[in-house]
Every structure is written in structure tokens, then in C-alpha cells.
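To keep things clear, I will list the structure first and then write my remarks on it.
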Amino acid sequence: MSWKRYEKSKARDHRGRHVGGPGNADYVRGRAKGEVKHRKAPLTKTEVVKLARKGIKEIESQGGFTRPAEEYVKKYRSEMKLFKRGRRQ
């Protein structure tokens, strides 16, 4: 599946509207912005911090997240939701 189809399907799964484009969130659901990462490598803490600064509240990653990234979200960004292949982390 291509990255664009993956983004659109995950936006639909999260009941959001696919937006996409450079600098924009991948989907929007109400006021919550979501980002979809279609790659096998897990997201690192620095990538999660960058997304948090952009105002992203939900991150869907096919490859998952590193342990420091998960700990960062639990400690500092409790409003943020992490999903790995459709399941909440």
C-alpha cells in the first residue's frame, strides 16, 4: 500500500478528514490534529517532540515508537495519543 493510501485509510479509521500536504497535519478531527507515519522504523523521541510542538495530538505509526518517545508522552504530554497499527500504546 502506498503512503498516501495508508494516510487516507488511517484518517478514515480515526474518523477524521484527510488534509495532508507539507507542513500540515495528515488528518483533522474536530480540534485534534493527527499525524500518520508509514515506515518500518520506530519514531524517536526527537520526532515526537517536533510533532508535539506543531500541535499534533494523535500519532499513528506503522513502525511503533522508541521507549524514550513513549516515556516522554507519558510524562510531559498526557493529552497526546500514540497508536501503533491501529492500537493505542
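What follows is calculated from the coordinates using simple rules that are stated; it is not laboratory data. This one's a predicted model, so the numbers in the text were calculated from it and none came from an experiment. Note: ideal-geometry Cβ built from the backbone for every residue, glycine included; neighbour counts use all protein chains shown.
Taking the criterion of being exposed (fewer than 14 other Cβ atoms within 10 Å of the Cβ) and part of a loop (DSSP other than H, G, I, E, B), the residues of the stretch 71-89 that qualify are Ser78, Glu79, Arg85, Gly86.
The condition (being free of Cβ contacts under 8 Å to residues at least 40 places away in the same chain and of a type outside the set (Val, Ile, Thr)) is satisfied by just one residue among Gly55, Gly86: Gly55.
Can you tell me which residue is nearest to the chain's Cα centre (by Cα) among those in the stretch 1-43 that are β-branched (Val, Ile, Thr) and more than 18 Å from Arg87 (Cα to Cα)? Steps first, answer last, please.
So the first thing to find is which residues in the stretch 1-43 are β-branched (Val, Ile, Thr), and the list is 19, 28, 36.
Filter once more, so that each one left must be more than 18 Å from Arg87 (Cα to Cα): 19, 28.
On the way: Val19: 14, Val28: 11 Å.
Among those that are β-branched (Val, Ile, Thr) and more than 18 Å from Arg87 (Cα to Cα), it is Val28.
The residue of the stretch 18-48 that is farthest from Val73 (Cα to Cα), among those that are loosely packed, with under 15 Cβ neighbours inside 10 Å and touching a helix residue (DSSP H, G or I) at 6+ places or on another chain (Cβ under 7 Å), is Gly20. Here Lys10 meets each of (1) part of a helix (DSSP H, G or I); (2) in contact with a Lys or Arg (Cβ under 9 Å, 6 or more places away or on another chain); (3) surrounded by 17 or more Cβ atoms within 10 Å (Cβ to Cβ) with one exception, condition (2).
Take the stretch 44-70 and flag every residue that is among the hydrophobic types (A, V, I, L, M, F, W, C) and either over 11 Å from the mean Cα position of the chain (by Cα) or at positive phi (or both). Working first, answer last.
Taking the stretch 44-70 first, the residues among the hydrophobic types (A, V, I, L, M, F, W, C) are 48-49, 51-52, 56, 59, 65, 69.
Val49, Ala69 - these are the residues of the stretch 44-70 that are among the hydrophobic types (A, V, I, L, M, F, W, C) and either over 11 Å from the mean Cα position of the chain (by Cα) or at positive phi (or both).
Look through the stretch 57-70, keep the residues that are over 21 Å from Tyr6 (Cα atoms) and of a type outside the set (A, V, I, L, M), and return whichever of them is surrounded by the fewest Cβ atoms within 10 Å (Cβ to Cβ). For the stretch 57-70, the residue satisfying everything is Arg67.
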